[in-house]
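I have placed the structure first, in the form of structure tokens, so that the comments after it can refer back to it.
The values are calculated or read from the model by the stated rules, or taken from the named source; none is laboratory data. These numbers were taken from a predicted model, which means no experiment stands behind them. Neighbour counts are summed over all protein chains in view; Cβ atoms, including those assigned to glycine, are modelled from backbone coordinates with ideal geometry. Just so you know, the surface numbers come from the protein's heavy atoms only, side chains and all, with ligands and any DNA or RNA stripped out. Shrake-Rupley method; radii C 1.70, N 1.55, O 1.52, S 1.80 Å.
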Amino acid sequence: MDPTPQSHPILAYVLSRLPSLPAVRTPRSPSLTPSSPRERDLEQPSPRTPSGPAEIDLVGRMPGLRHPSVLSAMTRAVADVASARDAIRVLGPRPDHEQVDASRALLAAAASGEKEEAAGEKEGVEKEEEEKLAASREVVRLEEEHEAYGAMQREAEEKLESVYRMAMHGRDIGQEGGDGRNKGEEEEPGAVDEEVVRVLKEAEEGKTLERVDLADRQLRLLPDPVGRIRGLLALDVSRNQLKVIPDAIGGLERLEELRVASNNLVSLPDSIGLLSNLKLLDVSGNRLRVLPDTISKCSSLVELDASYNALVYLPTGIGHELVHLQTLRVHLNKLRSLPSSVCEMRSLRLLDAHFNELRGLPAAIGRLSALETLDLSSNFSDMRDLPPSIGDLAGLRDLDLSNNQIRALPDCFGRLGKLELLRLDQNPLAVPPPEVVAGGVDEVKAYMAARWEEAVAEEERRRASAAAAVDSPRGPSTPREWLTRSVSSLSTWVSDVTVKVVGQEAVEEEEEFLQQQF
């Protein structure tokens, strides 16, 4: 989970200038030996020439990054991040969110079970259960380590901007606070906007308000009384400076549209799940790292836009209750996977997940029978293949797979009969070959359809051959089998003859006895 130029450009630049990994002492790593790598020299980072368009653009905006003394000051400021990064590499990759949820549920169940056993003075759990619990604790611990490292990255990026400004002015980081403000300087509290006061006053006077537009007003605070405007249907507080949405928002029982895009939100209140009539939710352009699990309770939701945030996962059960959702936009985040429950969104028509870190799609993605537009572009080195069920997306019309590492489309791709727009550029495709891709979507579909038909025919031939081998008698394959079958046949013949002969003799004796009686 190294910082990327897209999410943490300055931090990624500074860390890429450090020498090779130092020896990191962790509980899992062996003790250092004389041949182990030496500790990194933070005083001598490499000011080498920028590589790649992202670094070139960054240095164009911050030319001081090329100066050794500036780079050295910035490197010292993130020494803790460098050490944490190396420790994370030793620990291993971040676990899947569904696995984390399952582990936490198992630990919670075990905790309640232990209490019951203590009350009933029962024996401890079996060894196998203990091993499962130990594995679950390890998964949760690893997730927490990665989460802490992610928070450290976010703080370091902001810190580096401040360090850069101070270094360029010849000041040391100790002269000012880490956030760039002088010591003792406090952020000016945001006053409640006059328009907000007017809206609240009208609501208190009993005036019916259905739509409130407070966008572009530099708001830093949304007062709790907003949640008491009972008849409100639409609320727009986009493009402000809000850092929190009050819990009181859950009181807007009739609300159908909520737009809070382009603010400074790092989380949403759990009370958002009380908005059962909400049809549109726009939280794009914030700093959200997670969406609350309660968002699944917004069962009337038709459109959800959570793009341009810092999401690393979606709630595990998000698809189980959002059965009316038609548009899901989660592009420009840090998603590593989509939960399998997404496949339950049977009304979904548009799924935009481009520019993430997706490693693939849920196996049952083909159940999204209403899906028409799917954008998976720019997941870069993480997206390598597609599940076979993608061929079941019979209504798919627009598919973007550009800027990934896909080497082959599944044979069932030829079943996408309604596909009209297809982008495959910037992939190392071998199937279909480049000349077919250059011919456009129709040639790609024809090529993959032919492969599909050939695969189906081959499967039918295999099944027919297997059925024939079962139904038809097999000839002797070895002398032993031949002898066994011969002996069996001979025994059957002798048995038949014996029955016939013995039966005939019995009939003749019976007839002779009857004649004597007469």
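Side notes on the structure shown:
- Checking each residue in segment 419-467 for being of a type in the set (Lys, Arg) and under 22 Å from SER378 (Cβ atoms) picks out only ARG423.
- Residues (of a type in the set (Ser, Thr, Tyr) and surrounded by 13 or more Cβ atoms within 10 Å (Cβ to Cβ)) located in segment 433-469: TYR447
- The residue of segment 302-324 that is nearest to ILE272 (Cα to Cα), among those that are touching a strand residue (DSSP E or B) at 6+ places or on another chain (Cβ under 6 Å) and open to solvent by less than 20 Å² (accessible area, probe 1.4 Å), is LEU304.
- Residue count for segment 304-343 satisfying the condition of being of a type in the set (D, E, K, R) and either at pLDDT 95 or above or more than 19 Å from LEU376 (Cα to Cα) (or both): 3.
- Sub-7 Å Cβ pairs linking a first residue in segment 220-239 that is open to solvent by 10 Å² or more (accessible area, probe 1.4 Å) to a second residue that is of a type in the set (Ser, Thr, Tyr), at least 6 apart or interchain, are GLY231/THR208; ARG239/SER262, ordered by first then second residue.
Yes or no, residue by residue, for (1) closer than 21 Å to TRP452 by Cα; (2) among the hydrophobic types (A, V, I, L, M, F, W, C); (3) in contact (Cβ under 8 Å) with a residue 40 or more places away in the chain; (4) out of contact with any His (no Cβ under 8 Å at 6 or more places or on another chain):
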| site | (1), (2), (3), (4) |
| --- | --- |
| LEU358 | no, yes, no, yes |
| LEU371 | no, yes, no, yes |
| SER378 | no, no, no, no |
| SER381 | no, no, no, yes |
| ASP392 | yes, no, no, yes |
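- Subset of segment 335-348 [surrounded by fewer than 19 Cβ atoms within 10 Å (Cβ to Cβ) and part of a loop (DSSP other than H, G, I, E, B)]: ARG346, SER347
- If the condition is being more than 11 Å from PHE355 (Cα to Cα) and surrounded by 21 or more Cβ atoms within 10 Å (Cβ to Cβ), then segment 379-389 contributes only LEU386.
- Residue within segment 297-316 that is within 18 Å of the chain's Cα centre (by Cα), more than 16 Å from SER262 (Cα to Cα) and not in a loop (DSSP other than H, G, I, E, B) present: no
- Any hit, segment 366-376, residues being open to solvent by 10 Å² or more (accessible area, probe 1.4 Å) and on the phi > 0 side of the Ramachandran plot: no
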